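Values in this text are rule-based calculations from the coordinates and carry no lab data. Model, not experiment: these values are computed from the prediction. With ideal geometry, Cβ positions are generated from the backbone for all residues, glycine too; neighbour counts draw on all protein chains shown.
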Amino acid sequence: MFKIIFSDIDGTLLNAERDLSDYTVETIKKLNNSNIPFILISSRMPAAMRHLQKKMDIEHLPLISYNGGLILVDGKSVSSTEIPIDILSDLSKFNESIDVHLSLFHNDEWYVPKDDFWTRREINNTKVNPEFESNSNVISKWKSEEKGAHKIMAMGEEENIDRIRDFLLENYPEDLHLYRSKPSYLEIAPKAISKLTAVEHLLDNHFRIPLSQSMAFGDNYNDIEMLKGVGMGIAVGNAKPEVLEIAHMVTTPGKEDGVAKSISELLKI
């Protein structure tokens, strides 16, 4: 029997309006009554996940942010893996000649260099407002605070994103995980973590539930390891072909309540 559920957000849990459907909200509230925790696990920052938790009445539950780079329990960090500030500094210097948009994230801090197309798009997608500050100023601030980045988001023309990717692959192949969700987006994260490492951390240290009794939903490359590792890894119908291939089960697309439908059917709630 499954005792805990982990779900990705974008492409998996949300409807066409990039929000939670009434059916999904009702289903998760029923799960609460069954005492089965529903944990959000995303590349998003915590602030872009809390409003979704609130709608489903699961604010008391842990959050896994930045693809596993930050785990919050009762609002406090219990695991944090950051990109070292020196790597961020090197990338920023390299980017001076290209001028790709670099969004910098640490916990609930989100800094953007300017109010541009990319900034507005991300505000629309996440319902969170960033702070405006040059990359170099943020790096100086974080150096003094002895902080790194939980995530760097590079956004721009495809050929410029290629140049950023090649620079990082050449210089930091062992340190970074580069995740390309679309040609104009490159998500940069620490290589040491994944959604599965975060799931294992929470199960071992907080819930004391074996991996075999966990269920997870996802749609993209960064979900593969998690879906393969849990007891029941379910891909939504719109998932990438590689994800559909490894999933234990495939449900209807995310925009058609695939997550809620599977939960209702499998757990009979």
- Let me know the charge dipole size of the range 1-145 about its Cα centre in debye, to the nearest 20, where only the beta-carbon of Lys, Arg (+1) and Asp, Glu (-1) is charged. 460 debye
- Rounding to the nearest 20 debye, state how big the charge dipole of the range 85-190 is about its Cα centre with +1 on each Lys and Arg Cβ and -1 on each Asp and Glu Cβ. 320 debye
- Message: Among 230, 138, 259, which one shows the highest mean-square fluctuation when the chain is modelled as a Gaussian network with alpha-carbon springs under 10 Å?
- Response: 138
- Comparing 133, 200, 17 in a Gaussian network model of the chain (Cα, 10 Å), the one with the largest mean-square fluctuation is 17
- Angle between the Cα long axis of helix 22-33 and the longest principal axis of the chain, 0 to 90 degrees, nearest 10? 70 degrees
- May I have the convex hull volume per residue, in Å³, for the Cα set of the range 62-128? 100 Å³
- Using alpha-carbon pairs under 8 Å, 6+ residues apart, how would you state the relative contact order of the chain in percent? 22 percent
- Query: Against the longest principal axis of the chain, how steep is helix 158-171, in degrees 0 to 90 to the nearest 10, with axes from Cα atoms?
  - Reply: 90 degrees
- Pair-distance profile P(r), taking every C-alpha pair of the range 142-269, with 10 angstrom steps and integer %: 12, 31, 34, 18, 5, 0
- Gyration tensor (Cα) of the range 85-190, equivalent ellipsoid semi-axes in angstrom: 19, 18, 13
- From the residues 100, 247, 169, which one has its Cα farthest along the dipole of the chain in the positive direction, the dipole being from +1 and -1 charges on Cβ of Lys/Arg and Asp/Glu about the Cα centre? 247
- Query: Mind checking which of 235, 198, 16 has the largest fluctuation in a GNM of the chain, springs on alpha carbons under 10 Å?
  - Reply: 16
- Any chance you could give the angle, 0 to 90 degrees and rounded to 10, that helix 85-95 forms with the longest Cα principal axis of the chain? 60 degrees
- Note on the structure: Here the range 1-103 gives, from Cα atoms, an Rg and Dmax in Å of 16.9, 55
- Task: Could you check what % of the DSSP bridge pairs in the range 149-269 are antiparallel, to the nearest 5?
- Result: 60 percent
- Note on the structure: Expressed in nanometres to one decimal, the distance between label points 7 Å along Cα→Cβ at residue 74 and residue 19 is 3.4 nm
- Message: Charges at C-beta only: +1 for Lys and Arg, -1 for Asp and Glu. How large is the resulting dipole of the chain about its Cα centre, in Debye rounded to 20?
- Response: 900 debye
- log₁₀ I(q)/I(0) of the chain at q = 0.07, 0.13, 0.14, 0.16 Å⁻¹, via Debye over equal Cα point scatterers, no solvent, to two decimals? -0.24, -0.83, -0.96, -1.23
